Amino acid sequence: MDRIRIVGGQRLNGSIPISGAKNAALPLMIASLLTPDRLTLKNVPNLADVNLLARILRNHGVDLAVDGKRAGPAHHIGETFHLCARDIVDTVAPYEMVSRMRASFWVLGPLLARCGQAKVSLPGGCAIGTRPVDLHLMGLKELGAEIDIEAGYVIAKARGGLHGGRVVFPKVSVGATHNVLLASSLARGETVIENAAREPEIGDVAECLVKMGAKIEGIGTSTLRIQGADRLEGAVHSVLADRIETGTFAIAVAATGGDVTLEGARPELLKTALDALTKTGVEVQTTNSGIRIARNGHGIEPVTVETQPFPGFPTDLQAQLMALMTTAKGTSVIRETIFENRFMHVQELARLGADIQLHGDTATIKGVKGLTGAPVMATDLRASVSLVIAALMAEGETMINRVYHLDRGFEQLEQKLSRCGAQIERLTG
């Protein structure tokens, strides 16, 4: 099993290209199930989750061809996927695939809309919480779906096809918004989704659906109004920049010091996170090519942050910010409101010398003079990269185990950091 070895204490200087957003690429790939025509997606990141979803889609009958990265200065432009679901050969998404990646459950809506039936495994729990699918099923029922659960599978039928409806989510759910949005684009009549998630990745999917022929109003707001199409067509769409990768590398620069330009980053996608970073004393500057992050000499000021749905502080940057706060000049407070079990990185940060106290959904971080390298173990995707950030800060060597989590969401992490001066390497076996 691969490990990552880091020797801390090096400033980061240079530039880091930002990849396409995994959280947009996955539902965009799933959107290919909605049309028999070719959907071309540009700037797709090369990640384990993307490759797994490609296997799942091929199982449904999607033909997929991949163009490689371009050479030249625009090296943050990722792979190009050509997806064509001319014939759906299987409407079953089996447990052995869905259990490995929750986002694959989102095939339910498109398969139901396109084929009138689907059988998709329940995804089960995961390391950071249960994240039930009840809101997905509630929304699809409002569109006319008949749903039963048998032997761990959701069995859905839409006799005569889906129809428009009014879906009011009792709480914000990114996954349920994706599923209902995708399904409603082929439903007869108008669908209104209220209390929809506003994450930029949902807006990116909606923009792609518009290119495919759907009529969608309210993109970027909490109320989406969709006029379903009889047939969606092919399109060409570029995946937006990954705001979580942007925020992660911005925090890494803040943690280590130095001066790095994040190429292709879009500051409007993570304003709250960048505002928090500015409060720590880090220089954040928008440039023609992206975002410049700089910290030279001065210490990190403590902050108080509460995770919230977009446009609030992202839960997917909570662990990274906590790593930064471990050496702040005072006490920081982070409250996690999205997932009930997303502090599993705390005990691993403590192995490096962090002083963190947990009280329910709140972590209190007392800044220490410095961290010291030690062997640690990754528990989930974002926790994994928080350990990378902490290791970059720490004195001496840190060995991070179970780094396969990182490969799910960060493209060429070691290469991007090492180009800026980090002493980081992957050890295989």
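What follows is calculated from the coordinates using simple rules that are stated; it is not laboratory data. In this text the structure is predicted, and so the values were computed from the model without any measurement. Counting neighbours? That spans all protein chains shown, and the Cβs are built from the backbone with ideal geometry, glycine included.
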Once both label points are put 7 Å beyond Cα along the C-beta direction, the Gln423-Val168 separation in nm becomes 6.0
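Under a point-charge model restricted to the Cβ atoms of Lys and Arg (+1) and Asp and Glu (-1), what is the dipole moment magnitude of the stretch 1-61 relative to its Cα centre, in debye to the nearest 20? Don't jump to the answer; show the numbers that get you there.
Working: 8 positive and 3 negative charges, 38 e Å.
Magnitude of the dipole: close to 180 debye.
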Projected onto the charge dipole of the chain (unit charges on the beta-carbon of Lys, Arg, Asp and Glu, signs +1, +1, -1, -1), the Cα from His345, Gly429, Leu358 with the largest positive-side position is that of Gly429
Placing +1 on each Lys and Arg Cβ and -1 on each Asp and Glu Cβ in the chain, then taking the dipole about the Cα centre, the residue among Val403, Ile291, Gly20 whose Cα reaches farthest towards the positive end is Ile291
Mean-square fluctuation maximum in Gaussian network of the chain, Cα pairs under 10 Å, restricted to Met212, Met393, Met344, hits Met344
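Starting from the stretch 130-220, pick out the trypsin sites (Lys or Arg not before Pro) whose DSSP state is loop and whose Cβ has at most 12 other Cβ atoms within 10 Å.
Details: sites: Lys141, Lys157, Arg159, Arg166, Lys171, Arg188, Arg198, Lys211, Lys215; in loops: Arg159, Lys171, Arg198.
Those that pass, being in a loop and sparsely packed, are Arg159, Lys171.
What size of dipole, in debye to the nearest 20, comes out for the stretch 175-275 about its Cα centre when the only charges are +1 on Lys and Arg C-beta atoms and -1 on Asp and Glu C-beta atoms?
320
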If every Lys and Arg gets +1 and every Asp and Glu gets -1 at its Cβ, then about the Cα centre the chain yields a dipole, in debye to the nearest 20, of 200
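Please tell me which of these pairs span more than 18 angstrom C-alpha to C-alpha: Lys329/Lys416; Lys42/Lys215; Lys42/Lys211; Lys329/Lys369; Lys119/Lys157?
Numbers: Lys329/Lys416 29 Å; Lys42/Lys215 22 Å; Lys42/Lys211 14 Å; Lys329/Lys369 8 Å; Lys119/Lys157 9 Å.
Listed pairs above 18 Å: Lys329/Lys416; Lys42/Lys215.
Computed FRET efficiency, Cβ-Cβ of Met399 and His82, R0 45 Å: what is it to the nearest 0.05?
0.65
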Dipole check, the stretch 216-316, charges on Cβ (K,R +1; D,E -1), about Cα centroid: among Leu232, Thr304, Gly247 the Cα furthest to the positive pole belongs to Thr304
The stretch 22-228: spread of alpha-carbon positions along the three principal axes, whole Å, largest first, is 49, 37, 36
A chain fully extended from Arg335 to Thr372 at 0.36 nm per residue, minus the present Cα-Cα distance, gains in nm 10.8 nm
Once the in-chain neighbours fewer than 8 apart are removed, the aspartates and glutamates whose Cα is under 17 Å from Lys271 read Glu199, Glu201, Asp242, Glu245, Glu263, Glu283, Glu306, Asp316
The exposure ranking of Ser15, Ser238, Ser184, fewest beta-carbon neighbours within 10 Å first, is Ser15, Ser238, Ser184
Protection proxy (average C-beta count within 10 Å per residue), highest first, orders 279-290, 31-42 as 31-42, 279-290
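Given C-alpha coordinates of the chain, what is the ratio Rg to Rh with the Kirkwood estimate of Rh?
On the way: Rg = 21.6 Å, Rh = 22.1 Å.
Computed over Cα atoms, the ratio is 0.98.
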